[in-house]
Protein chains: 2
Amino acid sequence: MREVAVIGIGLTKFGELWDTPLRDLFAMAAADCLEDAGVGRDQVQSAYIGCMTSGMFVAQEHLASILTDYAGLKGIAATRVESACASGGAAFRAAYLEVASGASDFVLAGGVEKMNDGADATACLAAAADQEYEVFHGVTFPGLYAMIAQAHMAKYGTTPEQMAAVAVKNHDNGARNPKAQFQMEITKDTVLNAVRVAEPLGLFDCSPVTDGGACVLLAPVEVARKLGKPIVKIIGSGHATDTIALHDREDFASIPVVGLAAQRAFQQAGIGIKDVDFAEVHDCFTISEIVCTEELGIFERGKGGPAAEAGETALDGSFPVNTSGGLKSKGHPVGATGIAQICEVYAQLTGRAGDRQLKNPRRGLAQNMGGSGGSCTVHILEVES
Amino acid sequence: MREVAVIGIGLTKFGELWDTPLRDLFAMAAADCLEDAGVGRDQVQSAYIGCMTSGMFVAQEHLASILTDYAGLKGIAATRVESACASGGAAFRAAYLEVASGASDFVLAGGVEKMNDGADATACLAAAADQEYEVFHGVTFPGLYAMIAQAHMAKYGTTPEQMAAVAVKNHDNGARNPKAQFQMEITKDTVLNAVRVAEPLGLFDCSPVTDGGACVLLAPVEVARKLGKPIVKIIGSGHATDTIALHDREDFASIPVVGLAAQRAFQQAGIGIKDVDFAEVHDCFTISEIVCTEELGIFERGKGGPAAEAGETALDGSFPVNTSGGLKSKGHPVGATGIAQICEVYAQLTGRAGDRQLKNPRRGLAQNMGGSGGSCTVHILEVES
């Protein structure tokens, strides 16, 4: 396999973008990405685009055709990839494998979701759960993650205050991210006193409904070197699945698919979590960030909550998590999220993260998850010093 | 890139399978495929599953998780791939690239669609066209292909009788395929006198609404050899896109994306169409088979119709097309179609095509198309003699 690097990133503003249709969200991100990479449209050979459910949101499928068409990339090989909220991560992995295979040199990995356009977002997102054995009986994602939260509280003593600390920290970071949906700081009281969604999760424990697009361009390391780019290598790519239904898992207080995907990524990279400096983690709900930091091995089981409350995941903490603001504050256009995570890791590794820049990080991790943990990708990027 | 082979195939019956849900369609095809390959579930590392719009048909996304879960493949890396009716071909290509890259040895490429479950199939399929600039104004796929047919008739003198010959031939072949939706022969009069759908296309010019699943297993040629399998190599993989909207193309009497994808596949294979013995071609409508045989170079432009009428594409013709019965008679579960085409090419190359077996074919081609030609894949397979 050839070594592969990220050589450019592009990201729309995230938010309620009522004036911006699906096709424009992708075209804008692709244009910014190619400009950032300094690569012409005629050099791009292929694209993988993550999107969860443009069919249910805006009755548009065949994204490979429509999105490359409107992005000025007509003719290239292009494929839309779906793995619920892990669609972006899955697209990134497919693009990585195509470059690694030697079939193509310049491959675009994109993600996009148009969620604000009239459709019932909760019903659309519920298609990531088991429609016949979960959704039919009335459960949607806030309910599923509430069950995970209740189990984690019962087993490890995790508290609402610890979950609130995740939201406060991610809003602190999002306030420093000009692309974030919510560029505002919040207090613990705001989270704890917010309207309840599904106990113990309140409104500020939940990621929002977001429109957005994101793209990154991949190329062989050799090619990146010739172009004089900073060398940001993909050193590990892990991907795994689990049962779609939460009720089929042994323990609600864990999300095993995260550990399995991470194990595969670490094995390929030949390193462990201690060799990684920071991570973008799938915080679709505050409890999710806590459980995922445990599954990734950043903290021991049951210690994710206390660590968040102690500030260990803050920008100046021992292991910064979601410097971008995460899904909670940056926003969660589901298909774009996995690519936006890669954008943030790349920005941090190349010193372009502005007011939220970490001090000379060398390795960053992006963990993107589908459903209640039915699928997950983990990617580890390393910048050459 | 490593050389890659197909080492097993599995296919459900195609048809109106009211008793069989989406997840079972895939699980059944995967089980048959793995049994055919003689490979255990614990050896499979990854899967790519083509599906056009399970979201709109049955409100289920996150197929990577639910389908691997119900197929007993929980844990593997899995990704759902969508490119409208070319979803299966796109899944096959992604699986091919993963094996070629060296990342995995055993990768499943599947396709599935559950179209008979209450949803409005015409509206769901219309999501493969431009929802805002085509569908909004009332056009759906029979109308789009009728415009292609009208243009081809005007430019080349193609006749309804020539189009009918495609349907008759594909039903002849489908009558010999136990997996086909319509195992019955028809006459030219049946086609010409059928109820009109969109002039000049009648009911028998159109492929049906179908439930079905299909899988093939890929492995490196070296591994296939060690397992003592017939060596059916993927010698060319071409993939291309075009404008999503028909009105943005220069000439309605051609479908350029097919020629572009074919050119890429032939370039990789280092051969031309004259070196290929037969093809599965995307006959979503009879006119589509005629145009595609021209785009592939099997016949000169404008000669596809006369060739079909002269029997050149029949089982005993100079270049057999759609020995399986094609989309027209075998059925067209959109996400599964591209993989089912590969199953037929493999069956023919390994002498397993029963009553429709060709005499010792060496190379076969599968052409799978999305929308009105917004995307296309072309794969060329060769059996080692």
(message) Suppose we keep just the DSSP beta bridges with both residues in the protein assembly as shown; what percent of those would be antiparallel, to 5?
(response) 70 percent
(request) Round to a whole angstrom and tell me the spacing of the C-alpha centers of the stretch A:75-118 and the stretch B:157-187. (result) 38 Å
(request) Only Cα pairs under 8 Å and at least 6 apart count here; give the relative contact order of the stretch B:311-385 as a rounded whole percent. (result) 22 percent
(request) Can you spot the lysines whose alpha carbon is less than 17 Å from residue B:155's alpha carbon? Ignore those fewer than 8 places along the same chain. (result) B:303
(message) Below 13 Å, Cα to Cα, which aspartates and glutamates can residue A:359 reach? Residues fewer than 8 away in the same chain don't count.
(response) A:277, A:316
(message) For peptide B:90-97, what's the mean number of Cβ atoms from other chains within 10 Å of each residue's Cβ?
(response) 4
(request) Give the Debye-formula value of log10 I(q)/I(0) at each listed q (0.14, 0.20 Å⁻¹), with one equal scatterer per alpha carbon of the stretch B:173-226, two decimals each. (result) -0.59, -0.84
(message) At q = 0.07, 0.09, 0.14 Å⁻¹, what log₁₀ I(q)/I(0) does chain A have when each alpha carbon counts as one equal point scatterer in the Debye sum?
(response) -0.26, -0.44, -1.13
(request) Could you name the aspartates and glutamates whose alpha carbon sits less than 15 Å from that of residue A:13, not counting residues in the same chain fewer than 8 places away? (result) A:24, A:32, A:113, A:211, A:344
(request) Report, in cubic angstrom per residue, the convex hull volume of the C-alpha atoms of the stretch B:63-111. (result) 66 Å³
(request) Would you calculate the separation in nanometres between label points at residue B:13 and residue B:195, each defined as 7 Å from the Cα along the Cα-to-beta-carbon direction? (result) 2.5 nm
(message) What does DSSP give for chain A in terms of the percent of beta bridges that are antiparallel, rounded to the nearest 5?
(response) 70 percent
(message) Kirkwood Rh over alpha-carbon pairs of the stretch A:245-385, then Stokes-Einstein at 37 °C and 0.692 mPa s: what D in µm² s⁻¹, rounded to an integer?
(response) 219 µm²/s
(request) Over every pair of different alpha-carbon atoms in the protein assembly as shown, take the mean of 1/r and invert it; report that Kirkwood radius in Å. (result) 25.7 Å
(message) If I model a spin label as a point 7 Å beyond the Cα along the Cα-Cβ vector, how far apart are those points for residue B:357 and residue A:310 in nm?
(response) 7.1 nm
(message) For the ranges B:190-199, A:237-246, what's the packing order if you count other beta-carbon atoms within 10 Å of each residue, average per peptide, and put the highest first?
(response) A:237-246, B:190-199
(message) Between residue A:117 and residue B:161, what is the label-point separation in nm under the 7 Å Cα-to-beta-carbon projection?
(response) 4.7 nm
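Each value in this text was obtained by applying a stated rule to the coordinates, not by laboratory testing. Here the structure is a predicted model, which means the values were calculated and not measured. So basically every Cβ, Gly included, is an ideal-geometry build from the backbone, and we count neighbours across all protein chains shown.
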